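To start, the structure itself, in C-alpha cells.
The values are calculated or read from the model by the stated rules, or taken from the named source; none is laboratory data. Keep in mind the model is a prediction, meaning the values are calculated, not measured. Cβ sites come from the backbone with ideal geometry, for glycine too, and all protein chains shown count toward neighbours. In case anyone asks, the SASA skips ligands and DNA or RNA and just uses the protein heavy atoms, side chains included. Shrake-Rupley method; radii C 1.70, N 1.55, O 1.52, S 1.80 Å.
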Amino acid sequence: MPAETDAQAGQIDRAEVLRVIKDQLADILEIDESTINEGDSFAEDLHLGSLELIELVDLGTVDFEVALL
C-alpha cells in the first residue's frame, strides 16, 4: 500500500525528528527540553498520559505532514 506522502520529497534525518519530538514533548509536558533523552520511556520516565500521547501524535502528523488512516 503506497504512503500518503512522497517519502523522497520530504526526507528529514533522525536528528531532526528527535529535535521536533523533544520540542513537542517539552511543550506538552511543560518541562525543559534538555531533560528529555532519546531513550526515555513516555510512561515511566516522562510520565506521559494517554491524552498527552494523543496530542503528541496529532502534532506529529502536522509537523511531518502525514495522515492517520
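Name the single residue that is surrounded by the fewest Cβ atoms within 10 Å (Cβ to Cβ) among those in segment 37-57 being closer than 15 Å to Val17 by Cβ and among the aliphatic types (A, V, I, L, M).
Residue satisfying both the conditions and the ranking: Val57.
Filter segment 18-34 down to the residues that are part of a helix (DSSP H, G or I) and open to solvent by 30 Å² or more (accessible area, probe 1.4 Å) and list them by number. Walk me through it before giving the result.
Quick first cut of segment 18-34, residues part of a helix (DSSP H, G or I) only: 18-29, 33-34.
Hits for segment 18-34 are Leu18, Arg19, Ile21, Lys22, Asp23, Asp27, Leu29, Glu33, Ser34.
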